[in-house]
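The values are calculated or read from the model by the stated rules, or taken from the named source; none is laboratory data. Values in this document were obtained by computation on a predicted structure and should not be read as measured data. Glycine also receives a Cβ, built like all others from the backbone with ideal geometry; neighbour counts cover every protein chain displayed. Just the protein is used for accessible areas: all its heavy atoms, side chains included, with ligands, DNA and RNA removed. Shrake-Rupley method; radii C 1.70, N 1.55, O 1.52, S 1.80 Å.
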Amino acid sequence: MGNVAIKADALVKWFGEGETKTTAVKSASFEANFGELLYIVGPSGSGKTTLLSMISGILKPNEGAVLVEGKNLWQMKSDDIADLRLHKIGFVFQDYHLFPRLTTVENVAIPLILKKMDWNEAIKVALEYLEIVGLKDRAQLQPVKLSGGEQQRVAIARAIAGHPDILIFDEPTASLDGDTGRKIVDFIKTKILNPQRCVIIVTHDSRIYEFADSIMKMEDGKIIGFERNTLHVA
Amino acid sequence: MSGILKIALKLLVNDKSKFIALLVGITFAVFLMIMMMSMFSGILARSSSSVYNIGAKIWVMDPAVNNATSSIPMPDYVLSNARSIHGVKFAVPVYFGNALVKLKSGAYQAVSVVGLDDATLYGRPELIEGKIEDIYAESAFIVVKDSEFKKLESPTIGTEFEINDHRGLVVGLAKVTSGGLFGIPTVYTTYNRAITYIPSMRFTTSYILIEPKSEADIPFIQQQINKLGYQALTRDQFVRKISDFYTYQTGMGMNVLMMTAISFIVGLSISGQTFYTFILENLERFGALKAIGAKGHELITMILFQASFTALLGYGLGVGLASGLMILAKLRLPSYAAQVTYYNLTFAFIMVLIMAGVSSYIGVRKVLQIQPFDIFRG
């Protein structure tokens with residue numbers, strides 16, 4: 001495995017046609033490495049989520065290419081892309097999207113079950129991941145009975161349960177108070193990030209910038225800045 | 001059960017209010033469909049009870065006859081002709097009529113009278129008390145001990161009654177395969193006594209019962225009877241003719257069809273709407289599953305499983321509920337005409353599959369339309 005986890009090459013994405021055509025991402029190129037905590041920052045409407053979707057195999061770009069661990073993502077068949085997402089990429093959504101009718105541990109076990117792991121085995125493994133995020137004692141509760149920070153951690157446990165090489169967080173601190181947000185990102189940095197894993201966080205929460213290894217700044221669909229090993233970009 | 005189906009099951013059953021609403025909708029629809037069709041099946045079966053009870057292979061009748069109890073008497077020459085047809089082993093007349101019986105208590109009760117051929121007693125019922133030869137005794141009648149038996153004040157051998165101002169004497173009690181449709185007791189006697197006791201038209205033969213020498217002779221016999229201007233039907237053909245009459249010429253079939261259709265529509269509406277709401281509420285989660293890596297066919301499997309599970313459970317509950325109610329009703333009303341048939345069960349099952357199919361289709365469409373990108377956009 002090389003050091004480059006994801007390489008985006010001249011990605012372009014537009015929506016609509018004719019007069020309603022809006023270009024959300026304009027020729028975006030960057031690399032995200034293993035062992036790196038990369039932030040994609042910028043104001044609302046700057047194209048962060050669209051870029052994130054294209055590099056994670058969710059939204060097909062109109063132009064450009066995405067290489068995930070050297071494989072050209074958008075030249076793959078849709079089922080193969082789904083498989084790649086399942087095996088290589090973990091998602092933590094802004095609203096977590098936990099299943100309210102399943103218990104916490106069952107939510108965490110979902111990627112394992114999608115990987116065809118036996119139910120009991122998946123639950124056992126999921127419990128180990130809940131322990132990592134400090135919520136083993138909440139395993140049998142439904143997500144609605146957990147606090148926002150706890151739900152965030154359950155979502156993280158679900159994302160990492162499938163052993164992904166790349167973890168993608170969409171606004172992980174948006175619905176958390178400052179202190180909880182910092183704790184979550186600190187947890188990601190110290191417990192989740194490792195030399196074999198790349199973590200990409202989309203955020204516009206400047207309170208957590210200090211944790212980033214790299215910060216990529218976007219505005220009007222363009223990457224306007226990319227800084228590595230920096231503490232603050234403002 | 002695979003893990004993904006287990007997730008689907010838990011998503012379904014843990015949403016208790018919707019799961020119960022889905023089950024109630026399907027159960028109620030199945031219950032109504034089974035009840036309506038079973039009542040109709042029971043009515044049809046009982047409408048042909050005389051045909052089954054007599055058991056003759058071929059029935060000769062006026063072509064205008066459309067049910068067993070409304071016979072049109074035939075002249076004697078038809079019987080003579082029938083006996084002379086090649087392939088006929090024997091042919092006998094049978095009389096079907098109604099009479100008024102005055103019971104010991106002084107009460108009157110209508111009865112159905114079957115007059116059996118004096119020489120052969122062909123079509124006689126199985127006796128549970130008494131001897132069949134006693135039917136030749138003076139004023140002798142055999143009473144069928146079925147659900148209507150009590151209406152004759154539960155007579156025993158030796159009980160006397162008046163029938164159309166003639167003396168009647170019970171000489172035997174019989175059992176038959178199926179009770180009648182109209183809730184009146186049945187008595188058997190000889191053909192000659194029946195036409196003596198009951199006022200008749202010029203002709204007295206209700207039906208001619210034919211025993212063919214072989215099954216292969218039946219078409220020829222039917223052809224020859226047709227040449228006389230009459231109709232010869234096998235037992236099954238006669239039963240079908242009676243069923244067709246009740247189904248298409250009495251309005252009963254249309255009513256049952258309408259009620260069944262309404263039950264189906266009600267069930268489909270409730271289950272379809274509830275399942276659609278269920279899918280809508282879980283749509284973002286299905287989108288999240290897609291984003292995580294679930295494939296389209298896996299999501300379709302989940303939805304089909306959820307719809308099928310609910311449909312089959314509702315079907316089972318509906319059939320159980322309908323059967324239970326019919327058993328209870330028969331305990332209170334022995335003559336209650338309802339029977340669950342394989343046809344009814346199959347029909348209701350197909351209807352339930354359609355409900356599950358339509359509900360799933362709506363859900364699948366919705367789930368396949370949701371894009372993981374929509375989940376990111378929020």
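What the table shows:
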| item | result |
| --- | --- |
| Test: residue in region A:42-52 that is closer than 17 Å to A:Val199 by Cβ, within 11 Å of chain B (Cβ to nearest Cβ) and open to solvent by 30 Å² or more (accessible area, probe 1.4 Å) | yes |
| Residues that are surrounded by fewer than 20 Cβ atoms within 10 Å (Cβ to Cβ) and not in a loop (DSSP other than H, G, I, E, B), drawn from region A:126-137 | A:Leu127, A:Glu128, A:Glu131, A:Ile132, A:Lys136, A:Asp137 |
| Residue in region B:245-252 that is within 14 Å of chain A (Cβ to nearest Cβ), open to solvent by 30 Å² or more (accessible area, probe 1.4 Å), modelled with pLDDT under 85 and part of a helix (DSSP H, G or I) present | no |
| Of residues in region A:26-45 being small (Gly, Ala, Ser) and in a strand (DSSP E or B), the one farthest from A:Val68 (Cα to Cα) | A:Ser27 |
| Tally of residues being in contact (Cβ under 8 Å) with a residue 60 or more places away in the chain and open to solvent by 20 Å² or more (accessible area, probe 1.4 Å) across region B:338-369 | 13 |
| Any chance B:Leu299 is open to solvent by less than 30 Å² (accessible area, probe 1.4 Å), under 29 Å from A:Thr49 (Cα atoms) and either hydroxyl-bearing (Ser, Thr, Tyr) or touching a residue at least 12 places away in the same chain (Cβ under 8 Å) (or both) | yes |
| Residue list for region A:60-87, filter: free of Cβ contacts under 8 Å to residues at least 60 places away in the same chain, open to solvent by less than 20 Å² (accessible area, probe 1.4 Å) and of a type in the set (A, V, I, L, M) | A:Leu73, A:Ile81, A:Ala82, A:Leu84 |
| Criterion: among the aromatic types (Phe, Trp, Tyr) and either within 11 Å of the chain's Cα centre (by Cα) or not in a helix (DSSP H, G or I) (or both) - qualifying residue of B:Phe40, B:Phe31 | B:Phe40 |
| Breaking point among (1) more than 24 Å from B:Leu333 (Cβ to Cβ); (2) part of a helix (DSSP H, G or I), for B:Lys150 | (1) |
| Lone unmet requirement of (1) among the hydrophobic types (A, V, I, L, M, F, W, C); (2) at pLDDT 90 or above; (3) not in a loop (DSSP other than H, G, I, E, B) for B:Leu127 | (2) |
